[in-house]
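The values are calculated or read from the model by the stated rules, or taken from the named source; none is laboratory data. Note that this is a predicted model, so its numbers are computed, not measured. Quick reminder, even Gly has a Cβ in these numbers, built from the backbone with ideal geometry, and neighbours come from all protein chains shown. These accessible areas exclude ligands, DNA and RNA; they are computed on the full protein's heavy atoms, side chains included. Shrake-Rupley method; radii C 1.70, N 1.55, O 1.52, S 1.80 Å.
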Amino acid sequence: MLVPLNVPGMPPRPVATRRTTRQIMVGNVPVGGDAPVSVQSMTTTLTSDVNATLQQIAQLTTAGCQIVRVAVPTQDDADALKEIARKSSIPVIADIHFQPKYVFAAIDAGCAAVRVNPGNIKQFDDKVKEIARAATDAGIPIRIGVNAGSLDKRLLTKYGKATPEALVESALWECSLFEEHGYRDIKISVKHSDPVVMVNAYRLLSQQCDYPLHLGVTEAGPAFQGTIKSAVAFGALLSEGIGDTIRVSLSTPPVEEVKVGLQILESLNLKKRGLEIVSCPGCGRAQVDVWKLADEVTAGLDGLDAPLRVAVMGCVVNGPGEAREADLGVASGNGKGQIFIKGVPVRTVPESRIVETLIEEALKLVEAMPEEERESRAGSPTVVVS
């Protein structure tokens, strides 16, 4: 007799107890404290092109992005911030380098936060008191974003290169300047393109302050390489409870960054799972074209907005077990597929009807879900190769 496992119905365990931090508000998104880890991205448009920037922000929002950053290298970009901040449906962070005057412009424009890079803003230290007062009056936080590629020359001379210690010292020094003026509405990032250096920097930083931390592997690279580097680094830190917001930096359209970031959080049970396709990689035991089967099911369920786990398996070794542990599954072989719903085998269908049957049953399961359980992110299915 088969025993329904109903694993999807069991509450997922978080990967680790979160590090205790102070909480800040980035617009309407809580960061730190007991708030969930949030996903950020950054627009690639010219910020001065308001329509293009807002359109990209809308695409990012649809993909699940919760906070967006926009670059402000020119006065035209600064002038565009007010309309962008007002019309964006998610909080907008202004990214400031080189010119302190744009920090004040971003605050006046109503941005939800400002990111500053102390290593490359001339006379930044002399402006801290004014910036702290303006940010306090506006009630917005500041992210002190230290990058290995733009580290203060004094620290490069001291350490020889951008070591974890150098990154952390830079961040905490700038924090201390704000703290002198009673300002502690701060988030910190210490990014490096080397995941090992980045991980060690955040570990060190987490031991020396209680500020919320924004995780990022800067200049991570093209999609494949950057995804691997980010997943490894974020996984290491988040599994230790370190990290309050994340941004996956890829040389791709920014929507892809959001997809990767969400999947990292879902994989660690730090975010409610969306639609997940579990499929086997195929081997000499497979009696169906499992690659084709999985692709067709994935395409058929694309855009389904629900936390649903669907297993598409191609042989009798792991197939029945994986199919029973999913909300919906199929164990295929000998020209047919055995359909499982919530761990129970319900019927067997010809191979030619497997895809349509899975799609049909998936829609029934979603329709039967309570509305609060159905709330999840829309978008492409997550595909996990078993």
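Simple point charges give the picture: +1 on the Cβ of Lys and Arg, -1 on the Cβ of Asp and Glu, and for the range 126-280 a dipole about the Cα centre of about 180 debye. The label point for R353 and the one for D108, both projected 7 Å from the Cα toward the Cβ, are 7.0 nm apart. Note on the chain: dipole from Cβ charges, positive end direction compared against G139, H214, G337; the farthest Cα belongs to H214.
Cβ-Cβ distance of S176 and A16, R₀ of 25 Å, FRET efficiency by 1/(1 + (r/R0)^6): the value works out to about 0.30. Working from Cα pairs under 8 Å separated by at least six residues, relative contact order for the chain is 16 percent.
Roughly speaking, what is the stretch gain from A58 to C283, that is 0.36 nm per residue apart minus the C-alpha to C-alpha distance, in nm to one decimal?
Values: separation 225, 0.36 × 225 = 81.00 nm, distance 4.16 nm.
Taking 0.36 nm per residue and subtracting the Cα distance, the gain is 76.8 nm.
In the chain, excluding the sites themselves, the longest stretch lacking any of the trypsin sites (Lys or Arg not before Pro) that are in a DSSP loop with at most 10 other Cβ atoms within 10 Å is 162-386.
Farthest toward the positive end of the dipole of the chain, out of A80, T43, A326, is the Cα of A326, where the dipole comes from beta carbon charges about the Cα centre. When the chain is described by a simple charge dipole with +1 on each Lys and Arg Cβ and -1 on each Asp and Glu Cβ, the residue from S189, L54, L301 located farthest towards its positive end is S189.
Annotation: extensible slack from K82 through F98 equals 3.7 nm (criterion: 0.36 nm per residue apart, minus Cα-Cα distance).
Given a 1.4 angstrom probe, I'd like the percentage of the accessible area of the range 128-199 that is carbon and sulfur, rounded to a whole number.
Carbon with sulfur: 53 percent of the solvent-accessible area.
Rounded to the nearest 20, the Cβ-based charge dipole of the chain about its Cα centre (Lys and Arg +1, Asp and Glu -1) stands at 660 debye.
Hey, what's the Cα Rg ratio for the chain versus the globular rule of thumb, 2.2 N^0.38 Å?
Values: Rg = 23.5 Å, N = 386, 2.2 N^0.38 = 21.2 Å.
Rounded to two decimals, the normalised Rg is 1.11.
Mean residue ellipticity at 222 nm, helices only, the chain: -12500 deg cm²/dmol; runs of at least 4 DSSP H residues each add -39,500 (n - 2.57), and the sum is divided by the number of residues. Our analysis of the range 32-90 gives Rg over Rh at 1.01, with the two radii drawn from alpha carbon positions and Rh computed by the Kirkwood formula.
Between G274, G32, G319, the GNM of the chain built on Cα springs shorter than 10 angstrom shows G319 fluctuating the most. A convex hull fitted around the alpha carbon atoms of the range 297-374 yields 77 Å³ per residue.
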